[in-house]
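The structure under discussion appears below in the form of structure tokens.
The values are calculated or read from the model by the stated rules, or taken from the named source; none is laboratory data. All values reported here derive from a predicted model rather than from experimental measurement. Don't worry about glycine lacking a Cβ; one is built from the backbone with ideal geometry, like all the others, and counts go over all protein chains shown.
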Amino acid sequence: MTAFVGRRLAQALLQIWGAITIVFVALRVLPGDPAELILGSQATSEQLAGLRAQLGLDDPLPVQYLHHLQGLLRLDFGQSWRQGMSALDACLERLGPTLVLSAWAMVFTVVLGFLAGSYAARHANSVADRLISVSSLVGQALPPFWIGIMLSLIFARGLQILPSTADGTMAGLLLPAFTLALPFVGWLGRLVRTGVLEEMNQDYVRTARAKGMSDGVVFYIHVLRNTLVPVVTMLGLLMGNFIANGVIVEVVFAWPGIGRLLVDSITFRDYAVVEAVLTVITVCYITLNLLVDVLYGYLDPRIQLENA
């Protein structure tokens with residue numbers, strides 16, 4: 001088990017380094033001059049040159065990269081010229097609202113996904129089963145920004161029962177959380193449906209029914225509990241997807257999270273904040289993947305043998 005965890009940890013560190021490198025290069029090749037954005041179009045060439053030297057933008061790219069890695073080892077991404085504070089502090093300040101949004105999206109996904117998947121499995125090949133399957137595929141196919149706009153038009157502009165943007169209340173959280181959860185509800189529902197149908201064909205189910213247990217007891221006490229094992233291990237991946245995919249949803253609903261901060265920082269070429277946000281998102285996603293891999297290896301030792 002120790003060797004398995006060590007290999008996964010080494011892979012995770014390599015992935016984080018690769019993501020940091022890609023982000024660094026991508027930001028440097030994008031058009032736009034941060035010095036001009038900071039000083040404005042009326043700045044003189046001497047002022048621009050001085051600010052570029054201060055920011056280290058006139059150094060060769062390999063030198064900038066080495067300085068960047070040295071800063072990362074100290075968790076120092078530099079200062080945000082827009083926020084007037086440490087880039088990492090600006091990112092962590094916005095991380096809380098993103099985690100709240102992701103947590104509620106997880107609640108919606110688990111509740112609706114389990115209800116839809118278990119109902120579809122208990123009524124397999126029925127009209128309701130087909131309707132749930134089609135709805136789940138449609139939900140996964142629709143882009144999140146379109147879902148968010150439509151929900152806002154219906155519930156905020158049309159029915160006027162929910163706010164269209166984040167207002168700090170529970171009502172303002174419902175639309176963005178449901179928009180973020182909807183594509184994954186169908187995915188989880190199909191996963192639960194498949195798992196339940198597989199368990200229903202196991203010998204222990206026929207034995208339990210032969211002993212006189214009711215269908216409800218067999219389903220809820222035995223079948224559904226055994227279905228939870230592979231599903232629970234996937235919840236970590238879901239949380240990582242919520243954090244990473246929340247960028248568009250946060251922009252649509254003006255949610256004050258790291259996704260909206262990322263878009264604003266890209267627009268104004270605030271390199272330090274962009275790198276801090278993308279690094280935090282990457283680390284969160286890869287760490288959750290690592291935890292899921294370790295949990296898989298703990299629950300199913302065969303995975304460790306296959307990767308030996």
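Couple of notes before you dig in:
Conditions (1) closer than 29 Å to G78 by Cα; (2) modelled with pLDDT under 80, marked per residue:
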site: A210; (1), (2): no, yes
site: R225; (1), (2): no, yes
site: V229; (1), (2): no, yes
site: N245; (1), (2): yes, yes
site: E250; (1), (2): yes, no
site: A276; (1), (2): yes, no
site: T282; (1), (2): yes, no
site: Y285; (1), (2): yes, no
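- Sub-7 Å Cβ pairs linking a first residue in the stretch 160-175 that is at negative phi to a second residue that is part of a helix (DSSP H, G or I) and of a type in the set (K, R), at least 6 apart or interchain, are S164/R157, ordered by first then second residue.
- Hey, G96 exposed (fewer than 13 other Cβ atoms within 10 Å of the Cβ), out of contact with any helix residue (DSSP H, G or I) (no Cβ under 7 Å at 6 or more places or on another chain) and closer than 29 Å to W17 by Cβ or not: yes
- Just one residue in the set A156, A208, A177, A171 is in contact with a His (Cβ under 7 Å, 6 or more places away or on another chain) and not in a loop (DSSP other than H, G, I, E, B); that residue is A208.
- Any chance S152 is polar (S, T, N, Q), over 22 Å from N245 (Cα atoms) and either without any contact (Cβ under 8 Å) to a residue 12 or more places away in the chain or surrounded by fewer than 21 Cβ atoms within 10 Å (Cβ to Cβ) (or both): no
- Residues that are out of contact with any Ser or Thr (no Cβ under 7 Å at 6 or more places or on another chain), within 19 Å of V25 (Cα to Cα) and basic (K, R) do occur in the stretch 45-66, at least one of them.
- Condition check for Q79: modelled with pLDDT of 75 or more, within 27 Å of R260 (Cα to Cα) and in contact with a strand residue (DSSP E or B) (Cβ under 8 Å, 6 or more places away or on another chain): yes
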